[in-house]
Every structure is written in structure tokens, then in C-alpha cells.
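The values are calculated or read from the model by the stated rules, or taken from the named source; none is laboratory data. This is a predicted model, so every value here is computed, not measured. Cβ sites come from the backbone with ideal geometry, for glycine too, and all protein chains shown count toward neighbours. Side chains included, ligands, DNA and RNA excluded: accessible areas come from the protein's heavy atoms. Shrake-Rupley method; radii C 1.70, N 1.55, O 1.52, S 1.80 Å.
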Amino acid sequence: MTQAADWTGRIGDVWAQEWRRTDRSFAALAPQLDAAILRAAPAGPFRALDIGCGAGATSHALATARFDAEVIGVDLSAGLVAAAQVRPRLANLRFVVGDAIVAAASIQPVDLYVSRHGVMFFDDPVAAFAAFADAAAPDARLVFSCFAERRANRFAADLLAAMGMDGEAPAGATSGPFAFADPAHTAALLAAAGWHGKATRVAFAYRAGEGTDAVADAVAFFRRIGPVAGLLRDTPAADRPAMEHAVAEACTRRLHAGAVDFPAAAWIWSATLSRSAP
Ligand SMILES: C[S@@+](CC[C@H](N)C(=O)[O-])C[C@H]1O[C@@H](n2cnc3c(N)ncnc32)[C@H](O)[C@@H]1O
């Protein structure tokens with residue numbers, strides 16, 4: 001399961017090389033998250049930190065929508081921060097390589113924390129969210145997305161089923177892509193760290209492939225990113241073609257109008273500091 005340390009190494013590098021396709025996979029989720037972020041943003045000038053900004057899509061959307069905001073995107077992966085710098089430069093946006101907890105402390109007070117799927121990788125999530133609370137302005141808000149349960153995220157469940165594996169992630173994982181799938185668990189983590197959060201479930205189409213051969217595009221994507229990439233890598237070369245064939249069949253079942261889209265589900269959390277609750 002992906003953890004913080006993986007992002008500074010090979011997984012971060014692969015995401016950096018694949019950032020356009022990972023952005024594409026989240027493209028139907030992004031407007032829903034970005035709208036929630038804008039609803040939570042203060043009326044006047046403010047400072048925002050994008051936790052685990054990756055290639056910077058969420059930071060860039062916020063800085064573009066709110067020129068009066070100072071937006072800082074932070075990520076553990078130097079490769080992903082380099083990818084973020086490829087986007088058009090904005091005077092109110094900058095990116096830093098490093099741990100989000102350290103970044104928050106160094107730029108405090110933070111008025112708005114945001115994240116698209118970047119908060120599920122802390123070794124100790126309560127300590128991390130508590131550190132964000134410590135570095136927060138009194139009326140700070142925290143808005144982030146995370147995956148809902150794996151069986152609702154068919155790009156993971158279908159592909160693992162095609163490999164003969166269970167569709168549900170092991171319960172109780174502290175970190176990893178599905179670690180915040182249970183909203184009661186996430187609410188408890190936030191509460192223990194001094195945040196009061198509410199979650200909204202959203203459905204979106206996870207686009208894995210498109211173009212002249214959308215299935216081949218999707219298979220190439222899944223060879224590098226997602227739940228079967230590691231399995232393929234660890235499989236002897238002789239056995240890989242059969243696995244890739246199974247992945248291609250699963251993608252073909254999701255091919256519609258020239259694109260491979262898997263049904264997916266996420267939670268969008270919006271939280272306030274408990275100490276500022278009425
Ligand atoms: C699933 S990716 C999401 C990236 C980006 N937000 C997006 O939507 O494309 C998770 C990101 O969180 C980053 N990350 C994980 N733990 C982190 C930490 N403690 N501090 C900063 N970044 C972190 C990883 O390096 C990775 O880029």
C-alpha cells in the first residue's frame with residue numbers, strides 16, 4: 001500500500017511522468033472539489049496550502065479563481081513539483097518540495113487547507129491533522145477529497161477482480177489510497193485532531209483511456225499507475241501477457257464513445273476547527 005516514503009521515490013517519479021494522465025483520471029472529480037473549495041474560501045484575501053499538491057491542478061485552479069489568495073502547493077515528490085512548475089506561472093502561486101506538516105508550520109497562519117487525494121498517506125493522520133490545526137488561523141477551513149470504498153471505485157475493483165483478487169481493501173489501513181474510505185473513521189480522526197468535518201459523497205467517471213486506441217491507452221496507464229501496476233511489476237515476464245490481457249478485457253468492458261471510463265466515488269470533506277465551532 002502506498003505510503004509517504006513511496007512518494008519521494010519511484011511512485012512519485014512515475015506520477016510525475018504520468019501527470020497528464022493522472023490529471024485526466026481526476027478531471028471529472030476536479031470541478032466538484034474545486035467548487036467545494038471556493039465555497040469554503042474566505043471572502044477577503046487569504047493564504048491557502050494545498051497538501052500533497054502533486055502536479056498542482058488544485059493549487060492552480062484556486063490561484064486562478066482567487067487572485068487575492070496566496071496559494072502554496074507542497075509535495076514530497078520533487079518530480080511532481082517540477083511537473084507543477086510546467087503549468088502557466090501565476091504571481092499568487094508557488095510550489096515547494098517537502099512535508100506538508102513542515103510547510104504548514106513555516107507559513108502559518110493558514111486560512112484554508114485544500115487537497116485532492118493528498119491527505120491519506122500520513123503515518124500518523126491524527127498527529128498530521130493536529131499539526132495543521134496548530135498552524136491554522138482561528139477561522140481556518142480544511143477541504144479535501146479522498147476515495148470512497150474500493151468496491152465503488154471500479155478501476156480498482158474490476159482490475160483486482162480480473163486478477164482473481166478481492167474487491168475490498170483490507171480494513172484498518174492507516175495510510176494508502178483507501179485509508180479514508182470509511183467516513184466514520186475519517187470523522188473520528190479529524191475530531192481527535194481538533195477538526196469538525198462533514199463529508200459529501202460524489203460520483204465521477206475515472207477516465208483511464210482515450211484517443212485512437214482507448215483500451216491500449218488505458219492498459220498503458222494501468223501498467224504504471226494504480227492497483228495492478230505493482231502486481232504486474234512483481235510478476236515474472238512470462239506471466240505478464242496473460243495479466244495484461246485480463247486488464248485489457250476489463251477496460252474493454254468500460255469502453256464507451258471512444259473512452260475508457262470507470263465508475264468511481266469519492267468523499268469531499270469540509271472541516272472547521274473544533275475550537276471555533278459555535
Ligand atoms: C494521490 S497523489 C495526489 C496528487 C495531487 N493532489 C493530484 O490530485 O493529482 C498524493 C500526493 O500526496 C503527496 N504526499 C503524500 N504525503 C505527503 C506529505 N506528508 N507531505 C506532502 N505531500 C505528501 C504525494 O507525494 C502525492 O503527490
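Tabulated data
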item: Residues (under 13 Å from V14 (Cβ atoms) and within 19 Å of the chain's Cα centre (by Cα)) located in the stretch 208-222; result: F221, F222
item: Any hit, the stretch 196-213, residues being open to solvent by 20 Å² or more (accessible area, probe 1.4 Å), among the hydroxyl-bearing types (S, T, Y) and modelled with pLDDT of 95 or more; result: yes
item: Scan of the stretch 48-84 for residues that are away from the ligand (no atom under 14 Å from the Cβ) and not in a strand (DSSP E or B), ordered by number; result: A63, T64, A65, R66, F67, D68
item: Residue among A128, A133 that alone is over 14 Å from I37 (Cα atoms), away from the ligand (no atom under 14 Å from the Cβ), part of a helix (DSSP H, G or I) and open to solvent by less than 30 Å² (accessible area, probe 1.4 Å); result: A133
item: Conditions (1) within 23 Å of P125 (Cβ to Cβ); (2) exposed (fewer than 15 other Cβ atoms within 10 Å of the Cβ); (3) free of Cβ contacts under 8 Å to residues at least 24 places away in the same chain: number failed by A187; result: (2)
item: The stretch 222-276, residues that are open to solvent by 50 Å² or more (accessible area, probe 1.4 Å) and among the hydrophobic types (A, V, I, L, M, F, W, C); result: L231, A237, A238, A242, L255, A257
item: Top-ranked residue in the stretch 31-47 [being assigned to a helix (DSSP H, G or I) and open to solvent by 20 Å² or more (accessible area, probe 1.4 Å); ranked as nearest to V81 (Cα to Cα)]; result: D34
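Matching residues to (1) closer than 30 Å to V247 by Cα; (2) more than 15 Å from the ligand (Cβ to nearest atom); (3) open to solvent by 10 Å² or more (accessible area, probe 1.4 Å); (4) touching a residue at least 12 places away in the same chain (Cβ under 8 Å):
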site	(1), (2), (3), (4)
D99	no, no, yes, yes
A104	no, no, no, yes
I107	no, no, yes, yes
R116	yes, no, yes, yes
F121	yes, no, yes, yes
A148	yes, no, no, yes
A157	yes, yes, no, no
A162	yes, yes, yes, yes
